[in-house]
Structure formats: structure tokens, C-alpha cells
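The block underneath contains the structure these notes are about, expressed in C-alpha cells.
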Amino acid sequence: FGGNMGLGQALDTVLEAAQRLSHLPDIQFVFAGDGVDKARLEALAQETGLANVRFLGQQQAEKMPYLYSLSDVLLAHYKRDPLFEISIPSKLFAYMACRRPVLMASDGDAADLVKAAGAGVTCMAEDPDALAKAVVELYSMPPDERAKMGAAGRQAFLQQYSRNVLLQRHEELLSQVARLGAKL
């Protein structure tokens, strides 16, 4: 997990899933970032003795793609809330650009994007059992299957969400608006 550790990310759920998977020592949960909930989450992980959870702290933005490249799977988790159902976190595009499979624990548009791109696995928000099951699903996959998901996410990023593609779309939209305004 990389990024903001706030209340909207509901990362208690991730710690609960980590606890359920503590019998699988190869599965490690690594958090890189900061936020209003970070200290409480670190204390909770320590209190519950989660040996499979690491907090790296805030990292320089330039370092994040390198950290992502070291991961087998990149996690985005959000609180179950109607606002998050219609939101797509910017980290999702960064994850996809890094050619790693995504585990999107959220309902709505972000999960739909991951599914449509074939970029990873999704599960319900704030459901530690569903999250643990999704982690085990990804862990049990052959590495080449995870690599295919990562490649599909990268391809979707390049074709639909890269800076050049988005700039072109905005230019086209502004041109259409300008033409429409000239007719009025």
C-alpha cells in the first residue's frame, strides 16, 4: 500500500486481513506513506503482534515507482462510502503504470476500472475476510498470471490514462466547447 493513511482508507481492515493471514509467512503487508491514521495503525499492528506488517513511513514521490516494482501486488483500500464508489484514486493509475497487479478493495468505479482492464482482483471494501481471500487468490496464482494482470494494467494506463492521452482528450473537449460557444 502506498500513499495516504487516513480515515477514508479504512486500513484497520487491512490489518485484520493480515492477522487472518499470519500463518502464511510469505505474505507481507508493507505500507509506504503517511497520514492522520498512521500512528494509530502502527500502534495497533504492534499491539496485535503482526509480524507480517511493515510501515516504511513517508517516501519521496520519485522513490515510489521503485518501491512498487518490488511488490508482487499493489493494494488500494477504501472505506465503504457512496463517495468512494464514484471516485477513482490517483494511486490506481500509478499502480497500473508500474505493471503490477492491483488488489482494489473498494466498491464502484475504481473496482470496475480494474476489472475492465483485467489489471487485478477486486473485493468488497471494509471486509477483512474478503480481503484475505483475495490476497490468498493472488498469492496462489502462478507468477505469469499475475504478470499478465500487471501488463494489462500497464496497457490500459498507456492507452487510456497516460498524460498524453488525457491531454489530447482535454484539448478535443475544449475545442468542441469553443466551437459550440462560437455558434451561440
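The values are calculated or read from the model by the stated rules, or taken from the named source; none is laboratory data. Keep in mind that this is a model prediction, so the values were computed, not measured. Reconstructed Cβ throughout: ideal geometry from the backbone, glycine too, with neighbour counts over all protein chains shown. Note: accessible area is taken over every heavy atom of the protein model, side chains too, but ligands, DNA and RNA are not part of it. Shrake-Rupley method; radii C 1.70, N 1.55, O 1.52, S 1.80 Å.
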Practice task
May I ask you to rank 163, 154, 80 by accessible area, largest first, using a 1.4 Å probe over the protein chains only?
Solution key: 163, 80, 154
Problem - Non-local Lys pairs in the chain, i.e. 8 or more apart or on different chains, that have alpha carbons under 26 Å apart - result: 15
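Provide the FRET efficiency to the nearest 0.05 for the residue 51-residue 144 pair, computing r from the beta carbons and using R0 = 25 Å. Display every interim value, and only then the final one.
Working: r = 29 Å, r/R0 = 1.17.
Using R0 = 25 Å, I get an efficiency of 0.30.
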Exercise for the section: Quick one: dipole size for the stretch 1-126, taken about the Cα centre, charges +1 on Lys/Arg Cβ and -1 on Asp/Glu Cβ, in debye to the nearest 20. Expected result: 320 debye
Practice task
Could you tell me which of 160, 130, 59 has its Cα farthest along the dipole of the chain towards the positive end, charges placed at Cβ (Lys, Arg +1; Asp, Glu -1), taken about the Cα centre?
Solution key: 160
Exercise for the section: Summarise the accessible area of the chain (1.4 Å probe, protein heavy atoms) by the percent that is carbon and sulfur. Expected result: 54 percent
Problem - For Kirkwood radius over Cα pairs in Å, calculated from these coordinates, the label among (1) 19.8; (2) 17.3; (3) 16.6 - result: (2)
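In square angstrom, what is the accessible area per residue of the chain with a 1.4 angstrom probe?
On the way: 10240 Å² over 184 residues.
With all protein chains present, the chain gives 56 Å² per residue.
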Problem - Long-range amide H partners of residue 75 with built H, under 5 Å - result: 2, 103
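What does the helix-only formula give at 222 nm for the chain: each DSSP H stretch with n ≥ 4 adding -39500 (n - 2.57), the total divided by the residues, and the result rounded to the nearest 500 deg cm²/dmol? List each step's numbers first, then the result.
On the way: 9 runs with 94 residues, N = 184.
When only DSSP H runs of four or more count, the value is -15000 deg cm²/dmol.
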Problem - Ranked order, 83, 103 - accessible area, probe 1.4 Å, largest first - result: 83, 103
